[in-house]
Each structure stands twice: as structure tokens, then as C-alpha cells.
Amino acid sequence: MVVTNQREQFATKLGFILAAVGSAVGLGNIWRFSYVAGESGGAAFLLIYVLCIFLIGLPVLLAEFSVGRRGQSDVVGSYNNIAPGKPWVIGGILGVLTSFLILSFYGVIAGWVVYYFFAYLTGQATGVGEGNYADFFVTFIGGAAAPVVWQVIFMALVLGIVFFGVKKGIELSNKIFMPLLAIILIFLAVYSLTLDGAGEGLAFLFTPDWSAFAEPGVWSSAVGQAFFTLSLGMGAMITYSSYLSREANLTTAAGSVVTLDTLFAIVAGIVIFPAVFTFANVEPDAGPGLIFIVLPEVFNQMGGAGTIFAIFFFFLVAIAALSSAISLLEVSVSYVMRQLNWNRRKATLLAGIAVTVFGIPSALSQGGPLTFEFFGLPFLDLIDTITDQYTLPLAGMIVALFVGWGWNQVDALKETGLTNSPFGVLWLWMLRIVAPIGIAWILFQNIFGA
Ligand code: PHE
């Protein structure tokens, strides 16, 4: 087999930014953000979260972009190229592992979303009746076949796009998806603001209860959410930026991604919370079922308009999840291509099928035939906890320490174009001190805390 050494590249800088935004904006901004914010008191959480995004998320994102573009390889190869023979590569190995594990259950939850979209489109989800949506959800996710079928459908879409490569698959799809997402989201937000619960919903999201600042749990959820939503610690951003040309400015790219991702989460909150507060019998702290149980109850009470809202809403979430899943799969694909010297198609099939198969126990763990517990948790929750609370922050900490302390400072600054800028120095100190301490603290919380 002939393997060319020419690395694939994004055609344009905008294409790269859209792909990175596509990776960042996903289930994390809608499903996860809304339920975590709902559980952690709304506005106070939002404020702490934005703080974490700028203090830790932005510097670490810029660090990942620099490592990828300088390394010009997959996440393991990039570390090895910049620091050959050094232990920093552990960060890369953790990235491949974490992205694989996350995608295994991300595909399951995205499958639920695709199912809901179809169930609303075909009318199955409209005649369920008030108060019955919890049952509807539990029956669906506890099925012996349906969750796997929808997971496989979703994963097939992901594979299909990654198959076509960086320009024709990843870049092109994101160029279509991102504007589409923005339009649907704004349309839904405008509609939500006309609902009776708009005032209460906005107050929940924007009027902080200051006592929440003293709760360590809120801070650690905020840092965890910041990492997840910016796709950090999994090598996704390293892999994408390795396909970026030398001319593009990484600092503006990182700034754009962080800003758009944060705006997206806030506007998603403006879509969800007014709806949640419009009807008296629902609460914002329903947990992971918020968009699958609470919102459908709300849609049901809205009548016909609710069904249309639901169709657009689940379509939006499905597309957002798809563009994120693509970036997760690309981490493994790019690794397999280099490591085994395989072409893209073969690598996509291998990695895609492996991750889908590994996700099946998660799909069947929510009341289905594989509902037994490992270490006290159903399989999906176990994989979620391991990645979210341990491997992801750990890999993020390694990137921060590597760029802050391990990598030659002159090279790191050159890569970001911040050589003579005070922001360059600030960035390095954020990576040296602020981010590692913040991350170490949440790791400590996760290991020894409640
Ligand atoms: N950032 C994505 C989201 O918010 C999830 C994701 C994590 C995607 C890691 C890629 C890599 O849903």
C-alpha cells in the first residue's frame, strides 16, 4: 500500500474554526449544561462556569491548539514529535483512551435524541398523555433493542462523515451544520421568550444566589463542565489543529471557539428554562432526564406549537451531537492511521465499529438486559464518571503542564503569535499555576469529596 506523507488540511481558517466550534457545541451545551445548571442553582452556576471557561478553558484550549499544529500529527504523535522520548506522551494516550470511552456512551445518548426527533416527527411522542413522559422515556431506554438500534443509526452517520476525510467530510458538514444550528437556536429562543415562564426562567438563569459560591461542589461541576463543553482533555482539539495551516492565528481561533460555545450554552438555557418554568409542576433540577422527560411534558402542554418546537429542538440537538461525535471519532481514526499505517477508510471502519460495539453495554445498561452494576454504577454511568471526573481533567492537566513547563517557552509563544505580547506571559502563567491548581483541586474533590 502506498501511504503518502502529505497530511490532510482544512481548506480555510473559517472551516477550521467552524469544525472546532462544531466539536465544542454538542450535548454538553444543551443536555448536560441545562441539567447541571438546573441542579446547581442556575445563575450562580452560570457565573462560576463562565469564570472557569476564561481562567482555565481558554488557556488550555490554546495550549491544545498549539500542540496540535506544532506536532502535525495525531494526539500521541504530536506529543512525540514535540518532546520525543519524554513522558508527556501519556497525555496523548489518555486522550485517545478518553475520546474512545466518551464516544461509546455519547453515541448512546445521541441515539436517544435521534429517536425523540423521529418520535415527534411521526407522532409517536405526541399522544403519550400528560404525566406519562417519564414512563415513555424509561420504557424506551430500558428496551432490549431500540437503544442499540438508534445508537447504531447515529454512529453510522458519524462514520459516514469521517470516512470522507477532513475537507470533504468534517469541514463541509460543519459548514452546513453550524449556521443551521445558529438559526434554529435563535428561532427557538425567541419563541421561548414569549412563554409565560420567560420571566421566571430568565431570573433563574441570570439572578445568582450568592450562597452557591461557597459550595465546592458547584465549582467542581463548573470546571468539569468547562472541560467537557470545550472538548478539552481528549485530544479532539489537538487532532483538529494538526490539520491547520501555519498561517492561521491560533489565539483568535481559540477566542472565537470559546465565545461561540459559551453563547450557545447561554442561549440554549434561554430556550430551555422559560419552557421549564411555564408549567407549575416541573422543576429545573430533574437531572439528566431534563430534556427527555421534563421538556416533553412541557411540549405536550403547549399543544400543536409544542410538537413543532420539539421537532426543531431534537433536530438541533442531534446535529450538535453529530458534529461533536465526528471530532471524537477523528481522534482514534487519526491515531490508527499513523500507528498502523492504514488509510482513512480502513481506520474509520475499525475505530468506528470498535467504539460502537463498546457502546452497546452502555446502551443496554439503563433498564435493559445489561442493567447490572459495576462498582455500584450502571455501565454507562461508570464510563461517564471515569472519563468526566478522572481521565479528562488529568489529560487537561498534562497539556497545561506540558505547554507551561515542559515545552520550550519561546516555541510555545511563537506558535500562538504571542511572543511579545503581555497576553503570552499571562497565558503561560495560567497554564503553569492557575489551571493545574484548579484542575488538581477538582480531581481531589472528585476522589475524596462527597
Ligand atoms: N464538547 C462536546 C459537547 O459539549 C463534547 C465533546 C467532548 C466533543 C470531547 C468532543 C470531544 O457536547
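Filtering region 382-423 down to residues that are of a type in the set (S, T, N, Q) and without any contact (Cβ under 8 Å) to a residue 40 or more places away in the chain, which residue is surrounded by the fewest Cβ atoms within 10 Å (Cβ to Cβ)?
In the first step, residues of region 382-423 are kept if they are of a type in the set (S, T, N, Q); the result is 385, 387, 389, 391, 408-409, 416, 419-421.
Checking the rest, the ones that are also without any contact (Cβ under 8 Å) to a residue 40 or more places away in the chain come to 385, 408-409, 419-421.
Numbers: T385: 14, N408: 10, Q409: 14, T419: 12, N420: 8, S421: 13.
By that ranking, first place goes to N420.
Of the residues that sit in region 25-54 and are of a type in the set (G, A, S) and over 14 Å from I266 (Cα atoms), which one is nearest to the chain's Cα centre (by Cα)?
Within region 25-54, the subset of a type in the set (G, A, S) is 26, 28, 34, 37-38, 40-44.
With the extra rule that they be over 14 Å from I266 (Cα atoms), the set shrinks to 40-41.
Values: S40: 19, G41: 21 Å.
Filtering first and then ranking leaves S40.
Quick one: which of S23, S40, S73, S66 is under 30 Å from F292 (Cβ atoms), in contact (Cβ under 8 Å) with a residue 12 or more places away in the chain, away from the ligand (no atom under 15 Å from the Cβ) and hydroxyl-bearing (S, T, Y)? Show your work before the answer.
Details: S23 fails: away from the ligand (no atom under 15 Å from the Cβ); S73 fails: under 30 Å from F292 (Cβ atoms); S66 fails: under 30 Å from F292 (Cβ atoms).
Going through S23, S40, S73, S66 in turn, just one is under 30 Å from F292 (Cβ atoms), in contact (Cβ under 8 Å) with a residue 12 or more places away in the chain, away from the ligand (no atom under 15 Å from the Cβ) and hydroxyl-bearing (S, T, Y): S40.
Exactly one of these conditions fails for L195: (1) assigned to a helix (DSSP H, G or I); (2) in contact (Cβ under 8 Å) with a residue 24 or more places away in the chain. Give me its number.
Every condition holds for L195 apart from (1).
Here is a list of conditions, (1) under 23 Å from V218 (Cβ atoms); (2) modelled with pLDDT under 95, and P59 meets all of them except one; can you say which number that is?
P59 satisfies every listed condition except (2).
Criterion first (surrounded by 24 or more Cβ atoms within 10 Å (Cβ to Cβ), modelled with pLDDT under 95 and within 28 Å of L172 (Cα to Cα)) does L103 satisfy it? Break it down stepwise before answering.
Working: surrounded by 24 or more Cβ atoms within 10 Å (Cβ to Cβ): yes; modelled with pLDDT under 95: no; within 28 Å of L172 (Cα to Cα): yes.
In short, no.
Residue-wise test of (1) in contact with a Lys or Arg (Cβ under 9 Å, 6 or more places away or on another chain); (2) over 30 Å from F444 (Cβ atoms); (3) crowded, with 21+ Cβ neighbours inside 10 Å.
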| residue | (1), (2), (3) |
| --- | --- |
| G217 | no, no, no |
| A222 | no, no, yes |
| L263 | no, yes, no |
| F277 | no, yes, yes |
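In region 226-254, which residues are assigned to a helix (DSSP H, G or I), more than 10 Å from the ligand (Cβ to nearest atom) and closer than 13 Å to K13 by Cβ? Break it down into steps so the answer makes sense when it comes.
Looking only at region 226-254, we keep the residues that are assigned to a helix (DSSP H, G or I), and these are 226-229, 236-241, 250-254.
Next, from what is left, pick out any that are more than 10 Å from the ligand (Cβ to nearest atom): 226, 238, 241, 250-254.
If the condition is that a residue be assigned to a helix (DSSP H, G or I), more than 10 Å from the ligand (Cβ to nearest atom) and closer than 13 Å to K13 by Cβ, then S241, L250, T251, T252, A253, A254 are the ones that fit.
Of the numbered conditions (1) in contact (Cβ under 8 Å) with a residue 40 or more places away in the chain; (2) assigned to a helix (DSSP H, G or I); (3) away from the ligand (no atom under 16 Å from the Cβ), V190 fails exactly one; give the number of that condition.
Every listed condition holds for V190 apart from (1).
Run S66 past the list (1) among the polar types (S, T, N, Q); (2) within 17 Å of I93 (Cβ to Cβ); (3) outside any loop (DSSP other than H, G, I, E, B) and report the number of the one that doesn't hold.
So S66 meets the others, but not (2).
I want to confirm something. Restricting to region 359-381 and keeping residues that are closer than 21 Å to A145 by Cβ and among the aromatic types (F, W, Y), which single residue is surrounded by the most Cβ atoms within 10 Å (Cβ to Cβ)?
The residue in question is F379.
Taking L121 as the residue in question, decide whether it is touching a residue at least 12 places away in the same chain (Cβ under 8 Å) and crowded, with 20+ Cβ neighbours inside 10 Å. Walk me through it before giving the result.
Working: touching a residue at least 12 places away in the same chain (Cβ under 8 Å): yes; crowded, with 20+ Cβ neighbours inside 10 Å: no.
Considered against the rule, which asks whether it is touching a residue at least 12 places away in the same chain (Cβ under 8 Å) and crowded, with 20+ Cβ neighbours inside 10 Å, L121 comes out as no.
Being of a type in the set (A, V, I, L, M, F, W, C), over 17 Å from S256 (Cα atoms) and in contact with a Gly (Cβ under 7 Å, 6 or more places away or on another chain), is that true of even one residue in region 49-70?
Our first condition is that a residue be of a type in the set (A, V, I, L, M, F, W, C); within region 49-70, this holds for 50-56, 58, 60-63, 65, 67.
Now drop any that are not over 17 Å from S256 (Cα atoms), which leaves 67.
Still in the running and in contact with a Gly (Cβ under 7 Å, 6 or more places away or on another chain): none.
Taking every residue of region 49-70 in turn, none turns out to be of a type in the set (A, V, I, L, M, F, W, C), over 17 Å from S256 (Cα atoms) and in contact with a Gly (Cβ under 7 Å, 6 or more places away or on another chain).
Condition first: of a type in the set (A, V, I, L, M) and within 14 Å of the ligand (Cβ to nearest atom). Can you find one or more residues in region 44-60 that meet it?
Looking only at region 44-60, we keep the residues that are of a type in the set (A, V, I, L, M), and these are 44, 46-48, 50-51, 53, 55-56, 58, 60.
Add one more test, that the residue is within 14 Å of the ligand (Cβ to nearest atom), and what stays is 53, 60.
Yes, some residue in region 44-60 is of a type in the set (A, V, I, L, M) and within 14 Å of the ligand (Cβ to nearest atom).
Taking the residues in region 327-358 that are more than 15 Å from the ligand (Cβ to nearest atom), buried (at least 19 other Cβ atoms within 10 Å of the Cβ) and of a type in the set (S, T, N, Q) as candidates, determine which candidate is nearest to the chain's Cα centre (by Cα).
T356
Among the numbered criteria (1) touching a Pro at 6+ places or on another chain (Cβ under 9 Å); (2) in contact (Cβ under 8 Å) with a residue 24 or more places away in the chain, which one does L370 miss?
Going through (1) touching a Pro at 6+ places or on another chain (Cβ under 9 Å); (2) in contact (Cβ under 8 Å) with a residue 24 or more places away in the chain one by one, L370 breaks only (2).
Only one of these is surrounded by fewer than 21 Cβ atoms within 10 Å (Cβ to Cβ) and either touching a residue at least 12 places away in the same chain (Cβ under 8 Å) or touching a Leu at 6+ places or on another chain (Cβ under 6 Å) (or both): S256, S242. Name it. Before you say what the answer is, go through the steps one by one.
On the way: S242 fails: surrounded by fewer than 21 Cβ atoms within 10 Å (Cβ to Cβ).
Result of the check over S256, S242: S256.
Tell me yes or no: at least one residue of region 304-326 is of a type in the set (S, T, Y), more than 19 Å from the chain's Cα centre (by Cα) and in a helix (DSSP H, G or I). First the steps, then the outcome.
Taking region 304-326 and keeping what is of a type in the set (S, T, Y), we get 307, 323-324.
Subsequent filtering for residues that are more than 19 Å from the chain's Cα centre (by Cα) retains 307.
Add one more test, that the residue is in a helix (DSSP H, G or I), and what stays is 307.
Yes, the conditions are met somewhere in region 304-326.
Every residue in region 201-217 that is at pLDDT 85 or above and in a helix (DSSP H, G or I), please.
Result: G201, L202, A203, F204, L205, F206.
Check L418 against each of (1) assigned to a helix (DSSP H, G or I); (2) over 17 Å from the mean Cα position of the chain (by Cα) and name the one condition it does not meet.
Single failed check for L418: (1).
The values are calculated or read from the model by the stated rules, or taken from the named source; none is laboratory data. Just so we're clear, the structure is a prediction, and the values are computed from it rather than from any experiment. Positions of Cβ are backbone-derived with ideal geometry, glycine not excepted, and every protein chain shown enters the neighbour counts.
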